[in-house]
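Contents: one structure, followed by commentary.
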Amino acid sequence: MKRFCCLGICLLLLSGCGDKNEEEAIEENNSSNSETNVTIEDSYRDDNPIILGMYLYNGSSEPRELISEYSSSCVGIADIGSFEVFLTRDDSISSDNFQTVWQTYYDDYQEIDNYRIGYYIEFNLSDGTSFNKLLLDPDDGDEFYDYIQIYMYDDVHQEIGTWYSHVTSDEYNDKTILSSIKLTASSDWEMIESPITLMAFSYDSDDDFKDGKYRGNSSYTITIKCE
């Protein structure tokens, strides 16, 4: 009888030890995962040196002006506005051709060949629908084409004095610089509730984005009001 009691006690002790070891392993694993998540969350570091702004071109006789707000009649179907991006935030800059002005500010930086330009847009419709979208390539605005048409241009890689059109998906590649953007009111533009928020930013990897938004430190935002 004593032998059976001893055997039962041993089995209980072994079972208790097994449960304890299993619990400790789970706790250690959870702790390890928690530490890993913290490391991933805190690992993002943005060393982007670029300062940029969005400008209006006022013709060859007037300087380009840095803007923070812009108003348009938003008459469909017609252009709302075109906005140029330069690597500066001076209040006004030269009205010379885009390529020359771009190079002037580009040369102020070192080792920025890997950086690209993207955009982010937010606006609401009268029925409560909200749009917020990263615009990194020519097709990214397709989902709200009936309200706003998005056209992006690579002004940098164009021959001076020649006419050129917006970048298409077939033309887009890893060398493309989307240096300007045009918004055009589309067939259902009346449903847009003003204002429209438009951000330009520079980035060099997917790490600069989280939850569908830009999280770097190189950006400039304007507000567009439809009147």
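The values are calculated or read from the model by the stated rules, or taken from the named source; none is laboratory data. Small disclaimer: the values here were computed from a predicted structure and weren't measured. Every residue, glycine among them, receives a Cβ derived from its backbone with ideal geometry; neighbour counts consider all protein chains shown. For the accessible areas, the whole protein counts, side chains as well, though only heavy atoms, and no ligand, DNA or RNA atoms are used. Shrake-Rupley method; radii C 1.70, N 1.55, O 1.52, S 1.80 Å.
Taking the protein heavy atoms of the stretch 167-218 in the context of the full set of protein chains, the accessible area attributed to carbon and sulfur is 42 percent at 1.4 Å.
Atom-type composition of the exposed protein surface of the stretch 60-157 places 37 percent of the accessible area on carbon and sulfur (1.4 angstrom probe).
Here the 3J(HN,Hα) profile of the stretch 81-91, calculated from phi with Karplus coefficients 6.51, -1.76 and 1.60 at θ = phi - 60°, is x, 10, 9, 9, 10, 10, 7, 6, 9, 4, 4 Hz, Gly and Pro shown as x. Modelled spin labels at SER43 and PHE131, positioned 7 Å past Cα toward Cβ, are 3.5 nm from each other.
Per residue of the stretch 158-164, in order, report the coupling 6.51 cos²θ - 1.76 cosθ + 1.60 (Karplus, θ = phi - 60°) as ³J(HN,Hα) in whole Hz, putting x for Gly and Pro. Calculated HN-Hα couplings, in order: 10, 6, 4, x, 9, 7, 8 Hz. For ARG215 and ASP142, the difference between the fully extended length at 0.36 nm per residue and the C-alpha to C-alpha distance is 24.0 nm.
Per residue, the accessible area of the stretch 91-224 comes to 52 Å² when a 1.4 Å probe rolls over the protein heavy atoms. If the chain linking GLN99 and ASN124 were pulled fully straight, counting 0.36 nm for each residue of separation and taking away their Cα-Cα distance, it would gain 5.5 nm.
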